[in-house]
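Here is the structure we will look at, set down as structure tokens.
The numbers here are math on the coordinates, done by the rules we state, and not lab data. Keep in mind it's a predicted model, so treat the numbers as computed, not measured. Cβ placement follows ideal geometry from the backbone for every residue including glycine, while neighbour counts extend to all protein chains displayed.
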Protein chains: 2
Amino acid sequence: MINTLYLPELREMLAENDRTGLQEFCGALHPARVAEFMEGLEAIEMWQVLQATEPDVRADIFSFVEEAKQVEIVETVGPEGISRLIADMPADDRVDLLSEVDQEVMEQTLPLLPQEDRRETLRLLGYAEGTAGALMTTEVARLSQTLTVHDALEAISRQSQDLETVYYNYVVDDQDHLLGLVSARDLVVNFTRPDTPISDLMQRDVVTVLVTDDQEAVAEKVANYNFIAIPVVDHHRKLLGIITHDDVIDVLQEEATEDAHRSASVDPLEDGYLETVWHQLAWKRGIWLTVLFVAALLTALALRGYEEDFQKVTWLVLFIPLVISSGGNTGSQSATLVIRGLTTGDVNLRDWRRVLRKELAMGLCLGGSLAAIGYLCAVMLTRSVPESADGVASAVNAVPTLWEVLVVPITLLLVVMCGTMTGGLLPLLFQRMGLDPALMSNQFVAGIVDIAGILIYMTVAMIMVPGLW
Amino acid sequence: MINTLYLPELREMLAENDRTGLQEFCGALHPARVAEFMEGLEAIEMWQVLQATEPDVRADIFSFVEEAKQVEIVETVGPEGISRLIADMPADDRVDLLSEVDQEVMEQTLPLLPQEDRRETLRLLGYAEGTAGALMTTEVARLSQTLTVHDALEAISRQSQDLETVYYNYVVDDQDHLLGLVSARDLVVNFTRPDTPISDLMQRDVVTVLVTDDQEAVAEKVANYNFIAIPVVDHHRKLLGIITHDDVIDVLQEEATEDAHRSASVDPLEDGYLETVWHQLAWKRGIWLTVLFVAALLTALALRGYEEDFQKVTWLVLFIPLVISSGGNTGSQSATLVIRGLTTGDVNLRDWRRVLRKELAMGLCLGGSLAAIGYLCAVMLTRSVPESADGVASAVNAVPTLWEVLVVPITLLLVVMCGTMTGGLLPLLFQRMGLDPALMSNQFVAGIVDIAGILIYMTVAMIMVPGLW
């Protein structure tokens, strides 16, 4: 929801070119709030507000502006105007932004950055999206192990302008190999013992991630260990950068969105739903929809073998959707529970026997209940045949016996069991084969159970209804 | 996956009662790693390892042990043995644990805690689950605004043993009203100007949450502002505690799991999938399954009105599952995209017109494509009628004309459009009515579209196929 609380004031100050007012506004609030209050402004107006502030506050506020708007601002202002702001941004945000703007704008902006920032940006741009390298920032405090607490505090204090965080500081040798971690906590706690060498305080067993690690693995580590940041190293344990807790939260949310999309058979979107252009959205939905459609065609193929039977026993048609949706719904439940369990680490491959037992019990219990309700309703539905216009029950719709109607509950029990088994075990099988279990989406499970459901239904009917065999 | 790397060594040290070895093991690694390596041990063995370590390291390691195992340890060791460890835990973790253990054990443990810890625990136990109060810890640095940087660092250094974080420190008046925030960063940066009063540094516009706020709202704020912690206040802006970034990550993961479960019509589980007892799992799945089942019964009711028609035109039966699954799949896609958009703040209620337009376009485009494929397949399926045993195409299965088969693509287009509209707009309607849009799960949308699909299918057939009207 766009916050319009301060929009009139902001616009007035802009109209009057009230730089002091704007500066005060930007300085008094948290940068994230300023960005929030500016959301309703046009790109060019935002830029005018930002110009009124101090350069470092400007970069802070700009980092909190939505990415789509950032891109708009960069493309409106142009390389010359914007390069200073871009140089002031944290390296990871800068790279994210530059990889989003128009290729030409990026190529014109890069040469305008200070040499060091430019080199760093080019290097970070080289890491594949979704890896630790693409997520990290290089602005991290590097300390020598010979420092004392007092010296370390002084060194950090001096560098702090350029640091993403001062909370985790890394001790390295002169080739940048990671030796240990000294947190701001360690330093502050020992503030009253300023001569303590940091090598006495530092944690030597530092948990790291490789620059090529997947961002999901990074997020999992930070979440498990409750870290504020995690260092990124290469194969020689050379410190390349850090990933901070706020980036991890972004990754976790991104991954949750991806999983949600996959569960509904949508190829994960890169941008928000509203921002995705229609042909991209149509493709990402259409591709899976077509696959599911082809699978559903198999149900038509399966039913074709029974066309004559339906002509003889029409009431069987009534329960086709009921039977297949019951199987599909139970299957989706099982699949979602197991996939989410695998994602959160609650379920592991070696738990397959427990999953099997659990889903078997669920199938019996849920299938049994639905079968009981289903039998009652099926009896009622087939007994009270609707009357034809002439007031007599139509002769063609012969009323099935209570025995014959048993086809419905028996099928329901079997189909629900088929659903729980398929939904519970297929994600594990996918994981076992090294595939993403989330690919076994609700709809895929439902598709498989649909076909199985029709085959089960008709087989049970063949056995139970006289004259069908 | 349980890490069994150090299990043999740990068991050997336990057997030999090698306290020095155990102490070294626990001290050398990050507490989270120690907890990880102990995962394979029995509760009583874990307790023996923990006893070998220093009390404060012990509490740290214990905090990282899985909750189910924590409960087991507490219930195995008993109130007398465990009370010291429980007193050493951070207040929020302590409360989480005590609300999980056996009521009797809790009542016996509480009197054994130091008075202050006991009072605090009782107070925190009083906040409703899912609120900021239940999530917060009370161990936060409170500073007076008259302090200088040097004094503040000293004060924090002194209190640090009892603090959950030293990174955010709050300036309060003598009635604990929140005046401002001084981060460790502010202090470290000004380390070289030790006489600066902290009132010069402190941020006065502190973003807070109310103690009664929902945990989801808390997580959203921390995620948006990239905070390490957020202060919890009452209505008089009195500082009650803080919530730290690691708790926020837990909340975000919990909420993602809840949303995933809801999307598959499972009432969110409180514990993990494997830990949930079967009758609870059966209830949480069965309740929604029954609701969906009753909805599906309506499809049977709808079909009953057309029994005679199916007898006349049997080939219509073949495409029932295809038609309804296409509608259901598209509907689930739309619902998931919009629900996830609402959750991440990417979509708002006032965007309903854009959602409408988008889903209309999607419906036309996806429905049109499926209709084209569907027509081709339907023609093929109905032309190549399987032959009866006597080698002649069965007379009852009259081959439909190309015109008649148009029923299938026309229905597909309409059903897919119905799916995108229902899936796209119902979550917005739910949100508008103050309900959780996630209740409009994939299966509910599918259920609604199923019934609509059958009605559309039969209506189109009535119009297109001669002799059915």
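Within the P(r) computed for the stretch B:231-375, what percentage of the Cα pairs occupies the region above 22 Å? The partial results should precede the final answer.
On the way: 6861 of 10440 pairs.
Cα-Cα pairs of the stretch B:231-375 separated by over 22 Å account for 66 percent.
Give me the distance between the Cα centres of the stretch B:303-362 and the stretch B:37-69, rounded to whole Å. Centre-to-centre distance over Cα atoms comes out at 52 Å. For the peptide A:184-197, the mean number of other protein chain Cβ atoms found within 10 angstrom of a residue's Cβ is 5.
Of the cross-linked pairs A:LYS358/B:LYS221; A:LYS238/B:LYS221; A:LYS69/B:LYS358; A:LYS69/A:LYS221; A:LYS69/A:LYS284; A:LYS238/B:LYS69, those separated by over 30 Å at the C-alpha level are A:LYS358/B:LYS221; A:LYS238/B:LYS221; A:LYS69/A:LYS221; A:LYS238/B:LYS69.
What value, in deg cm²/dmol to 500, does the helix sum -39500 (n - 2.57) over DSSP H runs of n ≥ 4 give at 222 nm once divided by the residues of chain B? Don't skip to the answer; put the middle values down first.
Details: 24 runs with 295 residues, N = 469.
After summing the helix terms and dividing by the residues of chain B, the value is -19500 deg cm²/dmol.
Taking a span of 24 Å or more along the helix axis (Cα atoms) and a mean Kyte-Doolittle hydropathy of at least 1.6 as the rule, the DSSP H helices of chain B that qualify are B:407-432, B:442-464.
Backbone N atoms of the stretch A:268-297 closer than 18 Å to the 7 Å Cα→Cβ label point of B:LEU356 belong to residues A:274.
Just to verify a number: FRET efficiency for A:VAL291 and B:GLU116, C-beta to C-beta distance, R0 = 56 Å, to 0.05? Can you show the working numbers first?
On the way: r = 62 Å, r/R0 = 1.10.
That pair, A:VAL291 with B:GLU116, gives E of 0.35.
With the charge dipole of chain A set up from +1 on Lys and Arg Cβ and -1 on Asp and Glu Cβ about the Cα centre, the Cα lying farthest toward the positive end among the listed residues A:ALA438, A:ALA256, A:GLN161 is that of A:ALA438. Label point of B:ASP214 set 7 angstrom out along Cα-Cβ; within the stretch B:324-359, amide nitrogens under 20 Å from it belong to B:335-352. The stretch between B:ARG84 and B:ARG383 holds 99.6 nm of extra length on full extension. This uses 0.36 nm per residue minus the Cα-Cα distance. For the stretch B:305-464, the Kirkwood hydrodynamic radius from C-alpha pairs, put into Stokes-Einstein at 20 °C and a viscosity of 1.002 mPa s, yields a diffusion coefficient of 127 µm² per second. For A:MET462, A:MET421, the sequence from fewest to most other C-beta atoms within 10 Å is A:MET462, A:MET421. DSSP bridge analysis restricted to the stretch B:142-261 gives an antiparallel fraction near 75%, rounded to the nearest 5. Among the residues of B:282-289, the average count of other protein chain beta-carbon atoms within 10 Å of the residue beta-carbon is 5.
Between A:GLN103 and A:ASP205, what FRET efficiency follows from the Cβ-Cβ distance if R0 is 30 Å, with the result rounded to 0.05?
Numbers: r = 44 Å, r/R0 = 1.46.
The calculated FRET efficiency here is 0.10.
Computed about its Cα centre, the charge dipole of the protein assembly as shown is approximately 3780 debye, with only Lys, Arg, Asp and Glu carrying charge at their Cβ.
The alpha-carbon positions of chain B define a convex hull whose volume is 222 Å³ per residue. For the peptide B:20-29, the mean number of other protein chain Cβ atoms found within 10 angstrom of a residue's Cβ is 1. Residues in the stretch B:1-36 near a label at A:ARG237, defined as backbone nitrogen under 17 Å from the 7 Å Cα→Cβ point? Within reach of a label on A:ARG237, which here means backbone N under 17 Å from a point 7 Å along Cα→Cβ, the stretch B:1-36 contributes B:28-30.
Grab the beta carbon distance between B:GLU270 and B:GLU42, set R0 = 25 Å, and tell me the FRET efficiency rounded to 0.05.
On the way: r = 25 Å, r/R0 = 1.00.
It comes to 0.50.
Normalising the Debye intensity of the protein assembly as shown to I(0), with uniform scatterers on Cα atoms only, and taking log10 at q = 0.04, 0.07 Å⁻¹ returns -0.24, -0.68.
Derived value for the stretch A:142-244: Kirkwood hydrodynamic radius 14.0 Å. Basis is the mean of 1/r over every pair of different alpha-carbon atoms.
Tell me, what does the Kirkwood hydrodynamic radius of the stretch A:56-204 come to in angstroms if you use every pair of distinct C-alpha atoms?
Details: mean 1/r = 0.0589 Å⁻¹.
About 17.0 Å, per the Kirkwood formula over Cα pairs.
Listed by chain and number, the lysines whose alpha-carbon sits under 30 Å from that of A:LYS312, ignoring those within fewer than 8 places in the same chain, are B:LYS312.
Distances between copies at B:GLU275, taken between label points 7 Å from Cα along the C-beta direction, are 3.6 nm in increasing order.
Below 13 angstrom from the Cβ of B:TRP288, what's the summed charge of the other residues (Lys, Arg +1; Asp, Glu -1)?
Details: positive: B:ARG262, B:LYS284, B:ARG285; negative: B:ASP267.
Neighbour charge sum, excluding B:TRP288 itself: +2.
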